[in-house]
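What follows is one structure encoded as C-alpha cells, with my remarks underneath.
The values are calculated or read from the model by the stated rules, or taken from the named source; none is laboratory data. Since this is a predicted model, take the numbers as computed values, not measurements. Because the Cβ atoms are built from the backbone with ideal geometry, glycine has one as well, and the counts that use them run over all protein chains shown. Calculation scope for accessible area: heavy atoms of the full protein, side chains included, ligands and nucleic acids excluded. Shrake-Rupley method; radii C 1.70, N 1.55, O 1.52, S 1.80 Å.
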Amino acid sequence: AEKDAWYNKFKAQYKKGLTFQAGDKFKMRFRIRGQFRLTVDDPDGGLTSTNFSVARLRLKWDGYAFKPWFLYTVQVNVPDDLDLRDMYFTAAYDNRIMPRVGQWKVPFGRQELTSSSALQFVNRSIVNDEFGLGRDRGVALMGGLGPQYNFSYSGGVFNGDGRNGSSDD
C-alpha cells in the first residue's frame, strides 16, 4: 500500500519552468517572463534623469489535468493589476483535430501568434497594431496534418469583445 501512495507518484523538477507532476493525472508548469526598461537621460550641461519601467511581467501556468491529452493554459500580466491574458482548454486527443475553448490570441497573423520572447525586435510592428486581432474569447478547431504534423491549420469563432470583454488588447 505504501508503494501506491500519491506522494510516491509526485514529481517536482525544473525543466523549462518549475514543473509539478502527479502521475498521468496532473501536470503543471510555472514560468515567469519579464521585460524591463531602464533609461538614462544625460543632456549636455543639464540634470541627469533616470526612468525604470516594467514593459511585461507575465506569469504562466500550463499542463494537463485528468488525462494527458486535456491541456490547459493560464497567463496573467502583473503590471496591469493581474490582467488575465490567456485561459483556455485544449482537447489534444488526436493532433490532427484539436478543439479549444477559452481566451487566447486569435489565430490570424503570424507575428501576433509569435510570443514576444521569440521576436527579433523588442516590440511588434506598427502594422500588427492596426491589423492584429489580439486576444478574444471563443472556440476553435486546430490541428496538424502530414507525416510530422508540418502543415497546421486553425479556425474559430470568437466573441469580438477583445481581451476580458474590454474591446481593447
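With charges set only on the Cβ (+1 for Lys and Arg, -1 for Asp and Glu), what does the dipole of segment 11-169 come to about its Cα centre, in debye to the nearest 20? Please report the intermediate quantities before stating the final value.
Values: 22 positive and 17 negative charges, 232 e Å.
Computed charge dipole of segment 11-169: roughly 1120 debye.
For the chain, what % of the accessible area comes from carbon and sulfur atoms, probe 1.4 Å?
With neighbouring chains kept in place, the figure for the chain is 57 percent.
Over 20 Å between Cα atoms, which of K9/K67; K27/K105; K15/K60; K16/K105; K16/K60; K9/K60 qualify? Please list the in-between numbers first.
Values: K9/K67 15 Å; K27/K105 23 Å; K15/K60 14 Å; K16/K105 22 Å; K16/K60 12 Å; K9/K60 24 Å.
Pairs exceeding the cut-off: K27/K105; K16/K105; K9/K60.
Once the cut-off is 18 Å, how many percent of the Cα-Cα pairs in segment 95-169 end up in the long-distance tail? Before the final figure, lay out each step's value.
Values: 1323 of 2775 pairs.
Result: 48 percent of Cα pairs exceed 18 Å.
If the elastic network links every pair of Cα atoms under 10 Å, which of N128, N95, N150 fluctuates the most in the Gaussian network model of the chain?
Most flexible of the set in this elastic network: N150.
Using the Cα centre of the chain as origin and beta-carbon charges of +1 (Lys, Arg) and -1 (Asp, Glu), tell me which of Y64, F52, F158 is placed farthest towards the positive end of the dipole.
Result: Y64.
According to a simple spin-label model (label point 7 Å from Cα along Cα-to-Cβ), what is the distance in nm between S154 and F20?
It works out to 2.8 nm between the two label points.
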